[in-house]
Amino acid sequence: MRYTRPADVDGVTAALADGDAVVVGGGTMVVPEMTHGRVRPSAVVDLAKAGLAGIARDGDGWVIGAMTTYTELARSNVPLLATAARGITGGPQIRNRGTVGGSASYANPSSDVPAVLVALGARMRLARRGGAREVPAAEFFAGAFRTAREPDEVLTAITVPDTAAAPGYVKFKLVEGSWPIVTAAALAGPTIRVVLGGAAAAPVVVELERASWRARLRSEVDRLLTEPWDDVLAPGHYRARIAPVIAARAVAGALEEA
Amino acid sequence: MAALPARVGIGSSPRKRDGAALLTGRALFLDDHRPEGLLHAVVVRSEVAHGRIRAIDTAAAAAAPGVALVLTGAEAAKHAGPVPYFIDPAARGGNRTDIRCLQVDKVVHVGQPVAAVVAASRHEAQAAADLVRITYDVLPHVLDARAAMAQDAPRLYEDWPGNVVAHNRYGSGDPDAALAAADVVVEGELRIARTTTAPIEPRGYLASWQGDRLTVHASCQNPHQLRWMLSVSLGVDESRIRIVTAKVGGSFGLKMQGHPEETLVALLSLLADAPVKWVEDRRETLMAGAREQVHRFRVGATSDGRITGLVNEIVADIGALTAQAGWAMPNMSATTQPSGYAVQDVRVELDIVCTNKPPCNAARGFGKDAAHFVMERAVDLVARELGMDPAEVRRRNFVREFPYRTATGLNIDSGDFDGLLDKTLDAVDYAGIRRGQAESRERGRYLGVGLGFELTPESSDSPGTFVSGFDTTTVRMSVTGMVTVLTGVTSPGGGNDTGIAQIVATELGVPIEWVELVQGDTDRCPNGFGNFSGRSMVVGGGSATLAARDVRAKLLAVAARLFETSEVDIRDGIASGGGRELPVPEVARALLTRAFAIGDIEPVLESTRAYKPGNINHVPDELGRIQPYPTYSSSLHAAVVEVDAETGKVTLADYVMTHDCGTMINPALVEGQARGAVTMGLGSALSEQLVFAADGSLASNRFKSYLLPRAGDIPLLRMIHQVTPSPFAMHGNKGAGEAGVGGAQAAVANAVEDALAPFGVTVRGVPLSPPNVLALIDEARP
Amino acid sequence: MKLTVNGVEHEIDVDPRTLLVHAIREQVGLTGTHVGCLTGDCGACTVVVDGQTTKSCSVLALSAEGSAVETIESLADGDDLHPVQQAFWDEFGFQCGFCLPGMLLTAKELVESTPDPTDDDILRAIDGNLCRCTGYNTIVAAVRKAARS
Ligand SMILES: Cc1cc2nc3c(=O)[nH]c(=O)nc-3n(C[C@H](O)[C@H](O)[C@H](O)COP(=O)(O)OP(=O)(O)OC[C@H]3O[C@@H](n4cnc5c(N)ncnc54)[C@H](O)[C@@H]3O)c2cc1C
């Protein structure tokens, strides 16, 4: 196995150009997968020194480097994302190491970041040798553990536009140490958007009117959540059962702040 | 607190004596030992739940870098015989099979050892292990115990009449008549899902041979039994085997011996002619089952809440049979009923059944937990049926005269169960909770309180086995006055070493700092049985007391000579008499260096004693019942929960345990044991469950899918002590360490049912995970 | 590669797949950092990398080149225990001691970064460290005590 730790994005894209290398961000998911033989890469590109960490203001929004850790996010005031980062489990060790880019690229249905990014209308900046592109978060998350990223691309940053809408975030897990079972990221502005995580293979977007949200929420969730995510922690029908409950709590939380 | 021996020490809580080494990272656990020339082993495990081994191709593995040895079952069988049972089912009228270190022609569960690879590094061993190709003739498998009992079910062991290891019946009186005559009869079914002990340190062994002598370092609870087992399976005399238990990073029953890898690693070292170490991967540790059983019960009661009869049918799924003690645990689920309730018309029918899952290994609670869970559910159901308060029904049925012979033949030594109940209700503010409950329900909040009473037989002795109710300790004082205690009991982390040192220091009258303790080394320690069944302080402490008293008597005799008076005493390391004083080291030196001047006192400051507590009786009574336990600790638990009726999530709001383990040698260590056991019970009550895929592979194979309690899951577990000394144990102490698992399960289950009473929910098992609780609510809704 | 552990630079030979925890234990020879799961869940392998607690089973050894790694062995000053260690001893904050090194380093990070932690802060801080012996109550008490000392 080859190991490289490029000093900048160009170095990263060069190392990825053959399309056979595995990116290591914080390593919290991919390193154990290598240990247990679930990933057997011929080359590894470590982003640790590529200069991709940090949160910056840019016009009417934030640019969040892919290597920004949960600990950094938790200290920021990026709506929803800061709240979600504080609630990441695994202890400070994971929050110090796990990155927003790693979580997004991993695209685990049972995770916090994807639904939050979709709710925020974030855009994902991808770079490859000699080029770059931006993909809206809603398109980036293609399915369980699947994203729009090509094997020779690296996620460099995530841009998040400012929002005047009030945020509400609720995560439901079985006990302290479990993956999120269902999360709901709500933004309440003139209309209400609530995005469900954990409930299906990819985030589920529910749009509601302020006046009728309580009456409509359950039927909208039922309509959109046709294939709930099912795993060893919780069966699909359970996720489908509680998804409207968690969504309603997130919206209520947002409206209290509004 | 009851009267304690007058001298200082016992009853106080000095800190753990090995603390400094543990706190600084200097303590050596098994994986920290790395002798020169060490090789590493990886076990190749079955990927099918049931199949005949057709072929094993080891060529690629043998040729892989760094590989020293690849061993298959057929080859292993030429060098090693079957692993002897810790408790042989045949001796209990059951079915047995040969347990091999590597399977020879058949596998009966996913994960069963089939081959092993030894290489220069762990990484190379793993890489080579992945190259071993095994082909199977796959056979149909069965994962459910009831299904396994069917006539046409796949047979794990073809020479058995079925998949049942043993069918046993326990009890006395005429329960059918009692139920027929009862004012009310309630019945229920309880499913206890499969859990696992999951110590944070996995299992591991390191074997090395020097000529024809074998040394095994092991993360293990019972070094002497392990020595015997290896002696039998390898055909090497015990005198040539030395077992040293490294520091053990938690065990909870898992590291009792009887695992195939013990013999395997010793054999690999022999064949590779080098030290070989094997340490489990977490996925391997998580395969070990702890308990899985279904109870169907019927209880009869009078209209005023007296329970008159009990029938309980238990089907216990032990997975594949093991030489470890775990398969026998369900027997205790049967014999511990009806716990501390005065019910004499009882019948418990038990089927211990094999399925194509990994074996159940011994686990804290040892089956007694299930007895309490069932009894406490039964009591609550009686209360519900009669519209009585559950606390009151308990009070109507408690045993009050001791010793008390239970329906299954146990002889409860002592206790004060009403005292436990009073203290618990008071501490948890039972009346206040009941008042608040109605009000919170109106606001859509579901609060509940549940009780769980536990009577925990401890320090067992099973005749003809190495489950031994006595133990042995040597106390030796050197010429410098320093004391070495060599004992047969071991400590997997609970701290009995500190407790034993306290006892010896107290008995001798010397500072605890003078006392060094040696455990877990078969070449140094006297014959003993290690750690299980809450025995270490009872029999380790008892034997240490006897030995220390011998040494003290000798010191007193010498001092009497030196002071020329018969009025002598020893305290705080000073001998005194006749107005004179002499440090104890001087007394020791006098005897050991001036033996002839001192006169006719035998110049040895050493004693080896065994302690057999009272109350054990192996002569079967007219019903064939024996009495294998000296002491019975008891406890009463109260859990306060809030249930989110929209998601099914249970949150613990408060927890009280009133614990009576007789005299406490070191109260802080007792509390540590109790809190640990309660937490294990809470985990199995709320979140822990081993889940198997349809193909028999373990789906919950990491800590993301097997959910142990974390700090935020556990409220302050409030501990209250009651001390009812045992008349049958040296210091009046009873076992501590197992009480908590069943009590916690019961208290939580009863609390959840109480919280959800407005829905009419009936709890039918654990874990009460959010999906399971929501299903109960749905089911109860009209 | 060069690996700096507890202020000492070690020249070690590693495979690119070697985990930081294995490099520390097997190459550097400091065995106080324990292996409990190798999936980042139990926290027994916690070390401090460049001032931040990290689970060393989830870091490639090569990735730590150029970083300052601190392990449990650096906590005490000779025979003088660190206040966090002393608090764990006083409060019976451990039994078997296997999870202890990871707990201690995590607790130390909390008390250094949060002067007067609430119980909630403490629970969240040790959320990534599993203990199977104590039921956590005494650990929480120990962290509280360490924070006050
Ligand atoms: C104990 C524990 C608790 C956890 N709790 C939570 C939780 O509560 N909520 C939650 O959502 N998650 C949780 N996680 C998962 C967490 O989200 C991820 O661990 C983390 O965010 C992933 O980031 P990373 O940088 O470590 O990713 P890595 O492990 O480095 O990478 C993950 C995947 O993304 C790829 N990748 C990483 N960075 C990039 C990039 N910039 N461009 C392209 N591909 C990239 C890698 O190749 C790999 O496939 C937990 C994990 C652990 C171990």
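Please compute the per residue accessible area over the range A:49-161 with all protein chains in place, 1.4 Å probe, rounded to a whole number of Å².
Numbers: 3940 Å² over 113 residues.
Ligands and nucleic acids excluded, the figure is 35 Å² per residue.
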Most packed first (mean Cβ within 10 Å per residue), the peptides B:329-339, B:309-319 order as B:329-339, B:309-319
For the range A:166-257, dividing by residue count, accessible area per residue (probe 1.4 Å) in Å² works out to 39 Å²
Cα pairs beyond 20 Å in the range B:601-666, in percent, come to 67 percent
Out of A:ALA200, B:ASN531, B:SER239 - ranked by how far each Cα lies towards the positive end of the dipole of the protein assembly as shown, with unit charges on the beta-carbon of charged residues - the top one is A:ALA200
So, with points 7 Å from each Cα along the Cβ direction, the A:LEU224-B:ASP572 label distance in nm works out to 7.6 nm
Listed by chain and number, the lysines with an alpha carbon less than 19 angstrom from that of B:LYS277, same-chain partners under 8 positions apart left out, are B:LYS247, B:LYS255
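Let me know the Kirkwood hydrodynamic radius for the range B:613-702, please, with Cα pairs as the basis and the value in Å to one decimal.
Details: mean 1/r = 0.0575 Å⁻¹.
Taking every pair of different Cα atoms in the range B:613-702, averaging 1/r and inverting gives 17.4 Å.
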Carbon plus sulfur, as percent of the 1.4 Å-probe accessible area of the protein assembly as shown, comes to 49 percent
For peptide C:42-54, the mean count of other chain Cβ atoms within 10 Å per residue Cβ is 4
Note, the range B:711-716: 3J(HN,Hα) by Karplus (6.51, -1.76, 1.60, θ = phi - 60°), whole Hz, Gly/Pro = x, goes 3, x, 8, 10, x, 5
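If Rh is defined by the Kirkwood formula over all Cα pairs and Rg also comes from Cα, what ratio Rg/Rh do you get for chain A?
Working: Rg = 18.0 Å, Rh = 18.5 Å.
That ratio is 0.97, to two decimals.
Can you give the accessible area per residue of the range C:2-74, in Å², using a 1.4 Å probe? Working shown, then result.
Details: 2130 Å² over 73 residues.
Solvent-accessible surface per residue comes out at 29 Å².
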Of the DSSP H helices in chain C, the ones reaching 18 Å or more along their long axis in Cα terms and averaging at least 0.5 in Kyte-Doolittle hydropathy are C:100-113
Quick calc of log₁₀ I(q)/I(0), the range C:2-74, Debye, one scatterer on every Cα, no solvent, q values 0.18, 0.20, 0.22, 0.26 1/Å, result -0.57, -0.71, -0.88, -1.29
Taking Cα pairs closer than 8 Å and at least 6 residues apart, the relative contact order of chain B in percent is 15 percent
In terms of the charge dipole of the protein assembly as shown, which places +1 on Lys and Arg and -1 on Asp and Glu at the beta carbon, the residue among B:ALA125, A:ILE158, B:VAL449 farthest towards the positive end is A:ILE158
Burial-style ranking of B:745-755, A:142-152, B:32-42, average other-beta-carbon count within 10 Å with highest first, yields B:745-755, B:32-42, A:142-152
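Cα-Cα pairs above 15 Å in the range A:5-44: how many percent?
Summing the P(r) of the range A:5-44 above 15 Å gives 42 percent of all pairs.
Given the Cα atoms of the range A:166-257, and with Rh set as the inverse mean 1/r over their pairs in the Kirkwood sense, what is Rg to Rh to two decimals? Working shown, then result.
Values: Rg = 12.4 Å, Rh = 12.9 Å.
Rounded to two decimals, Rg over Rh is 0.96.
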Of the convex hull drawn through the C-alpha atoms of chain B, the volume per residue in Å³ is 169 Å³
Classified through the alpha carbon gyration tensor (a ≥ b ≥ c as square roots of its eigenvalues; rounded if a/c is under 1.5, else prolate when a/b is larger than b/c, else oblate), the range B:474-608 comes out prolate
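Output the Kirkwood hydrodynamic radius of the range B:1-138, Cα pairs only, in Å rounded to one decimal.
Values: mean 1/r = 0.0533 Å⁻¹.
Averaging 1/r across every pair of different Cα atoms and inverting gives 18.8 Å.
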Taking a label point 7 Å from the Cα of B:LYS612 along Cα-to-Cβ, the residues of the range B:470-500 whose backbone nitrogen sits under 17 Å from it are B:470-473
For peptide B:699-706, the mean count of other chain Cβ atoms within 10 Å per residue Cβ is 6
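Under the Kirkwood approximation for Rh and a Cα-based Rg, what ratio Rg/Rh is obtained for the range B:586-628?
Values: Rg = 21.7 Å, Rh = 14.3 Å.
Here Rg/Rh amounts to 1.52.
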The aspartates and glutamates whose Cα lies under 12 Å from the Cα of B:LYS734, excluding any fewer than 8 residues away in the same chain, are B:ASP413, B:GLU458, B:ASP660
Packing-ranked peptide list from B:436-443, B:172-179, A:46-53, highest mean Cβ count within 10 angstrom first, is A:46-53, B:172-179, B:436-443
With Cα springs under 10 Å, the Gaussian network model of chain A assigns the largest mean-square fluctuation among A:THR99, A:THR191, A:THR83 to A:THR191
Scattering profile of the range B:251-392 from the Debye formula, Cα beads only, expressed as log10 I(q)/I(0) at q = 0.10, 0.13, 0.14 Å⁻¹, is -0.46, -0.66, -0.72
About its Cα centre, chain B carries a charge dipole, from +1 on Lys and Arg Cβ atoms and -1 on Asp and Glu Cβ atoms, whose size in debye to the nearest 20 is 980 debye
If each part is reduced to its alpha-carbon centroid, the range B:338-376 and the range B:563-628 end up apart, in Å, by 42 Å
Magnitude of the Cβ-charge dipole (Lys and Arg +1, Asp and Glu -1) of the range C:2-74 about the Cα centre, nearest 20 debye, reported as 200 debye
Taking the range B:413-465, the whole-percent share of alpha-carbon pairs separated by over 19 angstrom is 52 percent
Note: B:THR480 to B:ASP237 extended length (0.36 nm per residue) minus current alpha-carbon separation gives 83.8 nm
One would report the Cα pair-distance distribution of the protein assembly as shown, bin width 20 Å, in %, as 11, 40, 37, 11, 1, 0
In Å³ per residue, the alpha-carbon convex hull of the range C:1-147 encloses 100 Å³
For the range B:305-351, Rg(Cα) over 2.2 N^0.38 Å is 1.38
By the C-alpha gyration tensor axes a ≥ b ≥ c (rounded if a/c is under 1.5, else prolate when a/b exceeds b/c, else oblate), the shape of the range B:271-318 is prolate
Output row, site A:ASP20, 7 Å Cα→C-beta label point, backbone N cut-off 17 Å, window the range B:51-86, residues none
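To the nearest 20 debye, what charge dipole does chain C have about its Cα centre, counting +1 at the Cβ of each Lys and Arg and -1 at the Cβ of each Asp and Glu?
On the way: 10 positive and 22 negative charges, 85 e Å.
Using only the charged Cβ atoms, the result is roughly 400 debye.
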Checked against the positive end of the charge dipole of chain B (+1 on Cβ of Lys and Arg, -1 on Cβ of Asp and Glu, about the Cα centre), the farthest of B:GLY340, B:THR135, B:PRO359 is B:THR135
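Please label the shape of the range A:49-161 as rounded, prolate or oblate, based on the square roots a ≥ b ≥ c of the eigenvalues of the alpha-carbon gyration tensor (a/c under 1.5 means rounded; beyond that, a/b larger than b/c means prolate, else oblate). Can you show the working numbers first?
On the way: a/c = 1.40, a/b = 1.24, b/c = 1.12.
In terms of gyration-tensor shape, rounded.
When Cβ neighbours within 10 Å are restricted to other protein chains, what is their mean count per residue of peptide C:57-67?
Numbers: counts 5, 14, 8, 12, 1, 7, 11, 1, 4, 3, 1.
Taking the mean over all residues of the peptide, I get 6.
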Largest first and rounded to whole Å, the semi-axes √(5λ) derived from the alpha carbon gyration tensor of the range B:677-752 read 33, 16, 11
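Show me you know the interface measure: the accessible area buried between B and C, both chains summed, probe 1.4 Å, in Å² to the nearest 100. Intermediate results must be reported in sequence, preceding the final value.
On the way: alone 28230 and 7850 Å², together 32000 Å².
Result for this pair: about 4100 Å² buried.
As an exercise, take the mean of 1/r over every pair of distinct alpha carbons in the range C:83-148, invert it, and state the Kirkwood radius in angstroms.
Values: mean 1/r = 0.0888 Å⁻¹.
Computed over the range C:83-148, the radius equals 11.3 Å.
The values are calculated or read from the model by the stated rules, or taken from the named source; none is laboratory data. Keep in mind that this is a model prediction, so the values were computed, not measured. Cβ coordinates were reconstructed from backbone atoms using ideal geometry, including for glycine residues, and neighbour counts include every protein chain displayed. We work out accessible area using only protein heavy atoms, side chains counted, and drop any ligands, DNA or RNA first. Shrake-Rupley method; radii C 1.70, N 1.55, O 1.52, S 1.80 Å.
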